[in-house]
Amino acid sequence: MFQTKQPLIHKLFEEQRQLFVDFLSCFMKQELLQGKSSKELLSTDVMNDMNHIGLSEMFIGAGTQSITLNGPNDCIKQEFLYKVKKVYANCAHYLQKKLPLASPLLKCISSIDPVTRGKDVTLKRLQKLPSFITNVLTSTEDKEAYALEIHQYQVDLKLPAPSDDSGKLIPIDIWRSKLFTMEKYTSLSKMVKAVISCFHGPQVEGTFNIMSDLIDRRPGRMHIETYSSIQSVKYKIMSREQPAVESFRKKDFLHDAIDSNMCKNLRSSRKCYQEELDSKKIALEKKINKIEQ
């Protein structure tokens with residue numbers, strides 16, 4: 001659900017819960033799933049046969065069901081259905097262990113969804129959000145402003161509806177764009193921007209793929225500005241389908257055109273790298289001086 005340009009992290013908590021419930025409904029008794037919270041779903045005994053529906057009632061697909069009804073004898077059919085139920089149960093048990101169904105962070109992130117605005121649980125989760133994402137509101141002023149802004153945001157009648165006239169939900173980045181321009185919600189906007197931008201789309205993921213021969217344990221710690229400049233240069237060179245030497249080869253060094261964007265990226269990459277080296281050097285010198293004292 002994140003392979004799109006539209007931010008969807010605020011939907012993750014509820015979407016994964018619904019995904020798990022939909023999967024369980026294929027082989028478990030429906031009354032055990034009705035109205036269950038994520039925490040309750042985690043404690044559900046998915047391996048217990050008493051919680052499963054009958055073998056003939058499990059979802060196996062219309063095509064498979066037709067074959068089992070008209071094809072094999074009862075012994076073979078029962079053995080097949082039993083194996084299907086076993087696979088269902090094992091998969092459900094695996095999902096219980098792997099899905100962050102009770103993640104307090106994802107719960108709090110879901111509170112930035114405009115649809116949840118005005119609810120008591122939304123306020124509580126917004127109040128907890130800075131305790132999980134601690135690198136956004138770093139100053140005391142920002143924290144105090146955020147504490148007030150979330151109360152005002154909950155009851156602000158001037159904010160637009162979360163859906164358009166046709167009832168279709170407005171993408172969160174478009175809806176929040178109005179909030180970002182309001183001086184009234186500067187600290188809240190900082191937090192929301194940080195949250196909705198933490199996932200990247202396929203375009204960003206693609207740059208990591210083409211950078212696979214560059215990024216390893218050591219340069220993997222480089223600053224994002226350095227990485228951005230390097231990948232811009234690398235992508236440009238690769239798009240030309242020729243070596244870097246050929247890309248910059250000039251017959252007439254005095255009069256041939258210069259690729260200003262490439263030069264800018266090269267300078268930016270070098271500058272960021274040098275600044276990083278200087279900062280590390282200063283930090284090391286401070287550490288040495290402190291030890292000597």
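In a helix (DSSP H, G or I), at pLDDT 85 or above and more than 22 Å from SER131 (Cβ to Cβ): does that describe GLN65? Working first, answer last.
Values: in a helix (DSSP H, G or I): yes; at pLDDT 85 or above: no; more than 22 Å from SER131 (Cβ to Cβ): yes.
Spelling it out, it is not the case that GLN65 is in a helix (DSSP H, G or I), at pLDDT 85 or above and more than 22 Å from SER131 (Cβ to Cβ).
Does GLU14 satisfy being on the phi < 0 side of the Ramachandran plot, within 21 Å of the chain's Cα centre (by Cα), acidic (Asp, Glu) and in a helix (DSSP H, G or I)?
So GLU14 passes the test.
Go through the residues of region 179-192 one by one and say whether even a single one is surrounded by 12 or more Cβ atoms within 10 Å (Cβ to Cβ), at pLDDT 80 or above, over 20 Å from LYS128 (Cα atoms) and among the hydroxyl-bearing types (Ser, Thr, Tyr).
No, the conditions are met nowhere in region 179-192.
For region 26-49, indicate whether the set of residues that are more than 26 Å from PRO100 (Cβ to Cβ), in a loop (DSSP other than H, G, I, E, B) and modelled with pLDDT under 90 is non-empty.
No, the conditions are met nowhere in region 26-49.
Restrict the check to region 19-29 and report whether at least one residue is within 30 Å of SER177 (Cα to Cα) and in contact with a helix residue (DSSP H, G or I) (Cβ under 9 Å, 6 or more places away or on another chain). Outline the logic, then answer.
We begin by selecting, within region 19-29, every residue within 30 Å of SER177 (Cα to Cα); these are 19.
Then keep just the ones that are in contact with a helix residue (DSSP H, G or I) (Cβ under 9 Å, 6 or more places away or on another chain); that gives 19.
Yes, that holds for at least one residue.
Pull up region 93-118, narrow it to residues that are touching a residue at least 12 places away in the same chain (Cβ under 8 Å) and of a type in the set (Lys, Arg), then point me to the one that is surrounded by the most Cβ atoms within 10 Å (Cβ to Cβ). Break it down into steps so the answer makes sense when it comes.
Initially, region 93-118 is screened for residues touching a residue at least 12 places away in the same chain (Cβ under 8 Å), giving 93, 95-96, 99-115, 117-118.
Restricting the remaining residues to those that are of a type in the set (Lys, Arg) gives 107, 117.
Numbers: LYS107: 19, ARG117: 17.
Among residues in region 93-118 that are touching a residue at least 12 places away in the same chain (Cβ under 8 Å) and of a type in the set (Lys, Arg), the one surrounded by the most Cβ atoms within 10 Å (Cβ to Cβ) is LYS107.
The values are calculated or read from the model by the stated rules, or taken from the named source; none is laboratory data. Bear in mind the structure is a predicted one, so any value in this text is a computation, not a measurement. Cβ: placed from backbone, ideal geometry, glycine included. Neighbour counts: every protein chain shown.
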